[in-house]
Amino acid sequence: MKKKTSLFENGLIWFGAGVSIAEILTGTYFSSLGFGKGLAAILIGHVIGCIMLFLAGVIGGKMGKSAMETVKDSFGIHGGQLFAVLNVLQLVGWTAIMIYDGSLAANGIFSTGHWVWCLVIGVLIIVWILIGITNLGKVNTIAMAALFILTLILSKIIFFSGNPMADTADDSLTFGAAVELAVAMPLSWLPLISDYTREAKEPVKATAVSAVVYGIVSCFMYLIGMGASIFTGESDIAQILMKAGLGIAGLLIVVFSTVTTTFLDAYSAGISGESIVAKLKGKYAAVAVTVIGTAGAILYPMDDITDFLYLIGSVFAPMIAVQIADFFLLKKKKEERAFDWWNLVIWLIGFILYRILMHVDFILGNTLPDMVLTILICLAVHAVKDKKNA
């Protein structure tokens, strides 16, 4: 019988997802709002994103299926495979971005060459993958405890050093755009969460723990990034850590936070790969994704990820909106079909709406209105269909 993960283990997994250089870097953008408005945007965005994350995790947890297998129930077998391909592509992208960010920051603290740190981080991620999700308990506990202590030290230096915070407010980012950047991180985990909640002893409770832990830790990371940018005037994470006096400790934060977060990306890319090709071994596919991501991080610059985050939102926000409508509201029974064309068209409308809403400065960002509209379209279409069939 396969070992099931506990609530504590699920919490640790998502703690690791939240402690991330990418989240600290994204947090630095919020300094342009000033501390008060920046904090409000971070909190509002994470509440919206983590509610969506919870609903996505419950679907997979209750059905005992991976994230991309649950998508097949709403979009058909081949329709689901389309999203699995898109998910693998975004996860390869994330793997490369995380390794790139981590290696640049590590090299800024201990200069041995950007490519050397890419290889070190890549090898550690492969070790994490080979240990496996259900055997990571003690290793993850030690790594997470160390990371938590180090991030507390970093936040103490930033917020309680006695130095006054500079006023960095300007007009480079609107409040609505900031909320959207805060929603974007939990949203990027939507196509992954079920890969872990399906392994849990108590799926719904594990999903709640996962979403809450991730939400709190992610807010904390954004806050560190924003505070560090306001406090030090820096958006370069290596310089922030060096100015905070965290030499070797900063290096450990960078390397292990990159490993624990990127491991989830690569591991889920392998699981999604299994949804595309049934005979594929997820663990070995995850190793291959790490190798590709490492090569990408060495070869290509990836300094601004905002467009990438918005692209992920436009693909996966309407996808999960259709799933939420199907699972929680319409309570649709599973049908074996190649494509559910109605839902695919609704998703496409949701995708186009998201891209249009990106040009509208709505105070709560554009993910929430896009998902609400997509759900309403889904309900209306199915009401008309049912009436016609009756």
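Could you pull the Cα extents of the range 280-320 along its three principal axes, largest to smallest, in whole Å?
30, 28, 8
Please compute the length gained on full extension between residue 82 and residue 372, using 0.36 nm multiplied by the number of residues separating them and subtracting their Cα-Cα distance.
Numbers: separation 290, 0.36 × 290 = 104.40 nm, distance 2.31 nm.
Gain on extension, residue 82 to residue 372, equals 102.1 nm.
Testing the spin-label approximation: label points 7 Å from Cα along Cα→Cβ at residue 62 and residue 6. State their distance in nm.
Here the answer is 2.7 nm between the modelled labels.
Return, for the Cα atoms of the range 215-255, the radius of gyration and Dmax in Å, separated by a comma.
Spelled out, the Cα radius of gyration and Dmax of the range 215-255 are 10.3, 28 Å.
Against the longest alpha carbon principal axis of the chain, how many degrees, from 0 to 90 and to the nearest 10, is the axis of helix 137-159 turned?
The helix 137-159 is inclined about 60 degrees to the chain.
For the range 69-154, what is the accessible area per residue in Å², given a 1.4 Å probe and the full set of protein chains? List each step's numbers first, then the result.
Working: 3170 Å² over 86 residues.
Dividing the accessible area of the range 69-154 by its residue count gives 37 Å².
Quick one: 3J(HN,Hα) in Hz for the range 321-331, Karplus 6.51/-1.76/1.60 with θ = phi - 60°, rounded, Gly and Pro as x.
4, 5, 5, 4, 4, 5, 7, 8, 9, 8, 6
If the label point is 7 Å along Cα→Cβ of residue 302, which residues in the range 260-286 have backbone nitrogen under 15 Å from it?
260-270
May I ask for the equivalent-ellipsoid semi-axes of the range 1-110, computed as the square root of five times each C-alpha gyration tensor eigenvalue and listed largest first in whole Å? Write down the numbers at each step before the final one.
Values: eigenvalues 178, 73, 58 Å².
Gyration-tensor ellipsoid for the range 1-110: 30, 19, 17 Å.
If you take the C-alpha gyration tensor of the range 239-390, multiply each eigenvalue by 5 and take the square root, what semi-axes do you get, largest first, in whole Å? Could you put the intermediate results ahead of the total?
Values: eigenvalues 289, 105, 34 Å².
Each semi-axis is √(5λ); the values are 38, 23, 13 Å.
Give me D for the range 303-366 in µm² s⁻¹, whole number, from Stokes-Einstein with Rh from the Kirkwood sum over alpha-carbon pairs, 20 °C and 1.002 mPa s. Let's see the in-between values first.
Details: Rh = 13.3 Å.
Estimated via Stokes-Einstein, D reaches 162 µm²/s.
Please report the carbon-and-sulfur percent of the accessible area for the chain; probe 1.4 Å, protein heavy atoms only, DNA, RNA and ligands left out.
Details: 11190 of 15930 Å².
Roughly 70 percent of what the probe reaches on the chain is carbon or sulfur.
Given the pairs 205/385; 65/331; 281/332; 4/205, which span a C-alpha to C-alpha distance of over 24 angstrom in this model? If you can, show how the numbers build up before the last one.
Details: 205/385 35 Å; 65/331 17 Å; 281/332 31 Å; 4/205 13 Å.
Where the Cα-Cα span goes over 24 Å, the pairs concerned are 205/385; 281/332.
Estimate the FRET efficiency between residue 359 and residue 242 by the formula 1/(1 + (r/R0)^6), using the beta-carbon distance for r and 41 Å for R0, to the nearest 0.05.
Once the sixth-power term is evaluated, E becomes 0.60.
Specify, per residue and in Å³, the volume enclosed by the convex hull of the alpha carbon atoms belonging to the range 175-322.
Working: hull volume 23.1 nm³, N = 148.
Value for the range 175-322: 156 Å³ per residue.
Can you list the residues, at least 5 places off or on another chain, whose amide H is less than 5 Å from the amide H of residue 5, using H built in the peptide plane?
200, 201
Going by average Cβ neighbours within 10 Å, how do the peptides 8-16, 222-230 rank, with the highest at the top? Don't jump to the answer; show the numbers that get you there.
Working: 8-16: 23.1, 222-230: 25.8.
Ranking the peptides 8-16, 222-230 by packing returns 222-230, 8-16.
Given a Förster distance of 35 Å, report the FRET efficiency between residue 110 and residue 159 from their Cβ-Cβ distance, rounded to the nearest 0.05. Intermediate results must be reported in sequence, preceding the final value.
On the way: r = 26 Å, r/R0 = 0.73.
It comes out at approximately 0.85.
At 20 °C and 1.002 mPa s, what whole-number value in µm²/s does Stokes-Einstein give for the translational diffusion of the chain, with Rh from the Kirkwood sum over Cα pairs?
Values: Rh = 21.1 Å.
Calculated translational D: 102 µm²/s.
Please give the contour-minus-distance gain from residue 383 to residue 338: 0.36 nm per residue of separation, less the Cα-Cα distance, rounded to one decimal in nm.
Details: separation 45, 0.36 × 45 = 16.20 nm, distance 2.24 nm.
Result for the pair: 14.0 nm of gain on full extension.
Ordered by packing density, taken as the mean number of other Cβ atoms within 10 Å over each peptide's residues, highest first, how do 88-98, 107-117, 289-299 rank?
Working: 88-98: 23.0, 107-117: 16.4, 289-299: 21.0.
By packing density, highest mean first, the sequence is 88-98, 289-299, 107-117.
Compute the Kirkwood hydrodynamic radius of the range 1-61, taking the inverse of the mean of 1/r over all pairs of distinct Cα atoms, and give it in Å to one decimal. List each step's numbers first, then the result.
Details: mean 1/r = 0.0720 Å⁻¹.
After inverting the mean inverse Cα-Cα distance, the result is 13.9 Å.
The values are calculated or read from the model by the stated rules, or taken from the named source; none is laboratory data. These figures come from a predicted structure and were not determined experimentally. Heads up, the Cβs are rebuilt from the backbone with ideal geometry, glycines too, and the neighbour counts pull from every protein chain shown. Note: areas computed on protein heavy atoms with side chains; ligands, DNA, RNA excluded. Shrake-Rupley method; radii C 1.70, N 1.55, O 1.52, S 1.80 Å.
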